[in-house]
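J.: Take this structure first; my questions come after.
The values are calculated or read from the model by the stated rules, or taken from the named source; none is laboratory data. Just so you know, these numbers come straight off a predicted model, no measurement behind them. Because the Cβ atoms are built from the backbone with ideal geometry, glycine has one as well, and the counts that use them run over all protein chains shown. Just the protein is used for accessible areas: all its heavy atoms, side chains included, with ligands, DNA and RNA removed. Shrake-Rupley method; radii C 1.70, N 1.55, O 1.52, S 1.80 Å.
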Amino acid sequence: MREQDQSPRLTTQGRRFIAAGAIAAAGLLVLAPAAHAQDQVPAVAAPAASGDTTTASAVHDPIEGFNRGSFKVGMGLDKAIFAPIAHGYMAVTPKVVRTGVSNAVYNLGEPNTVINHVLQGKPKRAMRSTTRFIVNSTVGVLGLFDVAAKMHLPPRGADFGQTFGVWGAGPGAYLYVPGMGPLNVRDGIGRTLDIVTDPVSLYVGGFSTDFGKARTGVTIVDLRAATDPAFRALDDAADPYVTTRSAYTQYREAFVREATGQAEDLPDFDAPPPSPAQSAGSVAPKQ
Amino acid sequence: MTLPGSHMKNTHPTRRGANAALLAFFGAASFAAASPALAQNARDPGAEAFVQTKAQRVITVLANKGMSDAQKKQVFHQAVDELADVPRITNFVLGKYARTISPDQRARFTPVFRTYAENVYQSRIDDYRGEQLKVTGSVVRKPGDVIVNTTISGGQLSSPLPVSWRVLGGGQNWKVVDVQFKGIWLAITQQQDFVSTIDNAGGNIDVLINQLQKSGSGSSGGKR
């Protein structure tokens with residue numbers, strides 16, 4: 001509402017940000033009730049109706065059939081394209097070079113990190129990330145060297161998905177998008193905003209520029225190389241789809257908790273959820 | 001992924017910056033008061049000491065370059081018994097099926113899971129090849145149920161890797177039941193993996209046992 005008061009002063013570019021804000025707000029409205037419900041869950045694991053999920057890792061996956069199909073396509077794409085490229089990259093570059101590339105990719109994302117620290121109401125973190133960006137972009141040779149970390153300014157990531165989480169949004173439905181990997185509604189909207197409002201692509205160059213294309217390419221290869229251990233772990237999984245879903249969900253929730261400082265809600269280790277028969281029929285006898 | 005940004009590149013940066021700052025300001029203003037500092041529970045020195053000693057031992061073994069893979073495997077096998085509560089974990093990963101598994105199935109599942117888990121966990125820890133473990137703190141969830149936070153550094157790690165250990169017990173008898181890194185609890189993930197596999201087999205636990213047996217016998221899982 002406040003935004004509307006300001007609209008006369010704003011240019012079309014400004015409106016884009018408002019639009020972005022509106023998308024964010026809409027997203028939050030949709031997701032807020034779920035988040036609220038989660039907040040209320042006490043530390044003691046209350047078995048869900050479905051039986052098998054724990055409070056720490058309950059995943060809402062209403063389009064599992066579609067997602068499983070997407071996952072198959074995504075893994076096929078990975079085997080055919082991304083894995084060979086990443087493995088080739090890992091074979092021809094020493095670890096130092098890959099670390100440098102990772103640093104540079106992270107550094108380009110730092111302005112977006114600052115925006116999110118501010119949106120989360122964390123001025124100290126925002127200042128730290130700003131300093132990191134300035135130091136690493138200059139002394140750190142365009143971000144190749146994380147000089148700031150050695151000055152006791154370790155990286156603290158933040159993105160819009162995390163910001164929505166801090167604002168109270170739950171993850172929403174799980175999604176698997178080939179080429180983008182695992183997502184959920186909250187982080188999907190978040191990632192779109194990360195891209196649309198990214199200061200570096202706005203000021204230095206977006207995807208239409210050579211810089212933007214190179215950046216995107218390098219980011220993808222770097223990400224795939226960095227997640228290679230996770231891909232290898234999937235080889236051991238009995239159900240790789242569910243393992244991916246579970247790991248991604250936990251990873252993102254931990255990332256949100258990192259910003260909120262909230263304690264994790266873990267399942268009771270010794271009380272298995274009700275058996276399938278019990279949960280289908282009457283209520284579990286325990287309690 | 002960067003496509004949406006492409007049509008917005010040559011615009012007026014100053015005004016946009018101002019707008020972004022404005023948006024940021026309101027965001028910050030309205031949410032500054034929203035993060036209550038959560039009171040953390042007390043630490044547990046006993047649990048911390050246990051993890052420091054036993055987990056460090058496992059890491060030292062796996063980082064030892066002078067030891068053959070076969071030797072490492074054997075030492076790891078022994079170290080697991082000292083470090084982890086294997087029967088408890090075995091029961092936990094079955095999720096709701098822990099209530100319905102037959103004694104015969106349990107007798108088959110137990111050794112198969114043990115072999116499978118040792119292979120998997122060894123290669124997971126091996127992926128990161130750190131050398132020093134340092135306890136950074138712990139949180140008592142309730143008496144006898146503690147999360148011990150550590151960082152692992154050195155070796156192939158370019159920056160310290162935070163790893164948390166969930167330990168149950170008390171006094172001199174602590175055991176690890178789950179390990180978390182990058183926010184992901186291994187036993188919880190394993191439970192979802194297994195339960196889903198059994199679900200998709202129409203509740204037939206044998207299907208999972210056979211599958212694990214197959215991947216367990218195919219040399220060590222995940223090794224290249």
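J.: Interface B/A, total buried accessible area with a 1.4 Å probe, nearest 100 Å²?
T.: On the way: alone 13710 and 17060 Å², together 24440 Å².
That pair of chains buries around 6300 Å² in total.
J.: Distance in nm between label sites at B:R99 and B:A201, each 7 Å beyond Cα in the beta-carbon direction?
T.: The two pseudo-label positions are separated by 2.1 nm.
J.: Which whole number gives the average, over all residues in A:190-197, of C-beta atoms from other chains lying within 10 Å of the residue C-beta?
T.: Numbers: counts 0, 1, 2, 1, 1, 5, 5, 6.
Mean shielding by partner chains, rounded to a whole number: 3.
J.: Still on this structure, please answer the following. Suppose we compare each residue of the range B:179-206 in its chain alone and in the full protein complex with a 1.4 Å probe; which ones drop by at least 30 Å² of accessible area?
T.: The answer is B:K182, B:G183, B:I184, B:W185, B:I188, B:T189, B:Q191, B:Q192, B:D193, B:S196 - residues whose exposure falls by at least 30 Å² when every protein chain is included.
J.: Could you sort out which of B:K54/B:K142; A:K95/B:K65; B:K73/B:K96; A:K122/B:K54 sit more than 26 Å apart by Cα distance in this structure? Present the calculation step by step, with values, prior to reporting the outcome.
T.: Numbers: B:K54/B:K142 22 Å; A:K95/B:K65 19 Å; B:K73/B:K96 31 Å; A:K122/B:K54 38 Å.
Exceeds cut-off: B:K73/B:K96; A:K122/B:K54.
J.: On to the next question. So which trypsin sites (Lys or Arg not before Pro) in the range B:163-211 are both in a DSSP loop and have at most 16 other Cβ atoms within 10 Å of their Cβ? Show your work: numbers first, answer last.
T.: Working: sites: B:R166, B:K175, B:K182; in loops: B:K182.
Here the sparse-neighbourhood loop sites are B:K182.
J.: Moving on. I'd like the FRET efficiency for A:T130 and B:K214, computed as 1/(1 + (r/R0)^6) with the beta carbon distance as r and R0 of 56 Å, rounded to 0.05. Write down the numbers at each step before the final one.
T.: Numbers: r = 53 Å, r/R0 = 0.94.
Given R0 = 56 Å and the Cβ-Cβ separation, E is 0.60.
J.: Here's something else I'd like to know. Report Rg (one decimal) and Dmax (nearest whole number) for the range B:75-140, counting Cα atoms only, units Å.
T.: That works out to 14.8, 43 Å for Rg and Dmax.
J.: Cut-off 19 Å, label point 7 angstrom out along Cα-to-Cβ of A:D235: give me the residues of the range A:82-123 whose amide nitrogen falls inside.
T.: What the label zone holds, given the 19 Å backbone N cut-off, is A:82-92.
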